[in-house]
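First up is the structure itself, then whatever we jot down about it.
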Amino acid sequence: MIRAFDAVSLPLLRWLDPEDAHRLAIQGLKLWPPVKPRPDDSKLAVRAFGLNFSNPVGIAAGFDKNAEAPDALLRLGFGFVEVGTVTPKPQAGNPRPRLFRLERDEAVINRMGFNNEGAEVVLRRLAARAQYGGIVGVNVGANKDSDDRVADYVKLIETFAPLASYFTVNVSSPNTPGLRNLQQAAALDDLLARVIDARERVRAAAGDTPVLLKIAPDLSLGELDDVVHIARSRRVDGMIVANTTLSRSPTLRERTKMNEQGGLSGRPLFRLSTRMVAETFVRAEGAFPLIGVGGIDSGGAALTKIRAGATLVQLYSALVYKGLGLVESIKADLASTLLRTDRDSLAEIVGADAPMITAEEWPV
Ligand SMILES: Cc1cc2nc3c(=O)[nH]c(=O)nc-3n(C[C@H](O)[C@H](O)[C@H](O)COP(=O)(O)O)c2cc1C
């Protein structure tokens, strides 16, 4: 059903301006939510951060920034949905055009700039759907014009704690000037201390909401040492690796569009972000699980990410090129790999290739 829909809709959507196509996809999901999918193969179940995921494939932040269609996305077969990035106040983002398809590279460049309807609207939507359950994480960020960015994160943690399955502290978007500086040691330590403190303050009323840190794939290994050390000492519940990259591989084929400003995602991000997953995995030493994201466009790519160290995975850009049916085909591939290799769960292979990848035998 979804595959037939993809066959018709993909060529049409790709013909439209990318942002109009995205808007149409969200509207379509809202108006015609998919029928409930088959239950997931029990071997795909994952337990992480105290949550039970029926499968490890999530939709990454940025697709449903305003929590308009989390239930439709869960029905498509995603094991979890991350809404946001949400900022305290509504924000228009950068002027259009700000989203570009690099067709021949199966990549996307975006400089959206945290366009979102703001905490109040998103909170109302999440409250209205809370009865339906499912794992819906909230990705939080600071307003561009904020005088106190850390206070923005704290406010959002306090506001969304009763409704978020987990939080993602996003300090890695390249499209809000200066935001990535929050990944520097002293700033990150202060931010995480205050975020974790806020989570503890609302714990009695809202429960123990996991807090994850989402990082850029462009950190040096020295910077990554500091980030993981601080994440461990502040006892975050996990990390998401990674956001979009500012780098531009010389192998990109869309020579004009590759020079658009913004973060690059999709297939060309796969190797860089997978290496970062492995580098983070060896530094975390099992202290917390990782969500691997960047360039996943097949079951094989998801498996590579898991073998690099990801307990869960997320994707976004590949939906533009492969369609919404991709999630079911990734899950089918993962289940058949487990069957073929006679394994009971994906947990058995998390990080199996991390030593090989970090030993420089794996060119980016
Ligand atoms: C159009 C677009 C908007 C995005 N917006 C956000 C965002 O608001 N917050 C965030 O943490 N990541 C955002 N991302 C990054 C994705 O969540 C993901 O980390 C990145 O795209 C790599 O995954 P992919 O290669 O599967 O797309 C965005 C990505 C795209 C393509």
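The values are calculated or read from the model by the stated rules, or taken from the named source; none is laboratory data. Remember, it's a predicted structure, so these values are computed and weren't measured experimentally. Glycine gets a Cβ as well: all are built from the backbone with ideal geometry, and neighbour counts include every protein chain shown. Accessible surface is based on the protein model in full, side chains and every heavy atom, while ligands, DNA and RNA are left aside. Shrake-Rupley method; radii C 1.70, N 1.55, O 1.52, S 1.80 Å.
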Among the residues of region 88-114, which ones are open to solvent by 30 Å² or more (accessible area, probe 1.4 Å) and within 17 Å of the chain's Cα centre (by Cα)? 110, 111
Breaking point among (1) open to solvent by 40 Å² or more (accessible area, probe 1.4 Å); (2) within 15 Å of the ligand (Cβ to nearest atom); (3) among the aromatic types (Phe, Trp, Tyr); (4) more than 15 Å from the chain's Cα centre (by Cα), for residue 321: (1)
Do we have any residue at all in region 147-161 that's at pLDDT 95 or above, within 12 Å of the ligand (Cβ to nearest atom) and open to solvent by less than 30 Å² (accessible area, probe 1.4 Å)? no
Of all helices (runs of 4 or more DSSP H) fully inside region 131-244, the set with 1 or more residues that are within 19 Å of residue 119 (Cα to Cα) is 149-160, 185-201, 203-206
Do we find a residue being modelled with pLDDT of 95 or more, among the acidic types (Asp, Glu) and either touching a Phe, Trp or Tyr at 6+ places or on another chain (Cβ under 7 Å) or surrounded by fewer than 20 Cβ atoms within 10 Å (Cβ to Cβ) (or both) anywhere in region 198-216? no
From 123, 51, grab the single residue that is open to solvent by 10 Å² or more (accessible area, probe 1.4 Å), under 24 Å from residue 313 (Cα atoms) and more than 15 Å from the ligand (Cβ to nearest atom). 51
Name the residue, out of 23, 38, 101, 111, that is within 12 Å of the ligand (Cβ to nearest atom) and without any contact (Cβ under 8 Å) to a residue 24 or more places away in the chain. 23
Taking residue 58 and the conditions (1) open to solvent by 10 Å² or more (accessible area, probe 1.4 Å); (2) within 16 Å of the ligand (Cβ to nearest atom); (3) among the small types (Gly, Ala, Ser), which numbered condition does it fall short on, given that it satisfies the others? (1)
So which residues in region 317-342 are touching a residue at least 24 places away in the same chain (Cβ under 8 Å) and not in a helix (DSSP H, G or I)? 317, 323, 324, 325
Identify all residues within region 210-250 that are under 13 Å from the mean Cα position of the chain (by Cα) and either small (Gly, Ala, Ser) or more than 16 Å from the ligand (Cβ to nearest atom) (or both); write none if there are none. 216, 238, 242
Taking into account only those residues within region 130-146 that are in contact (Cβ under 8 Å) with a residue 60 or more places away in the chain and away from the ligand (no atom under 13 Å from the Cβ), which is surrounded by the most Cβ atoms within 10 Å (Cβ to Cβ)? 136
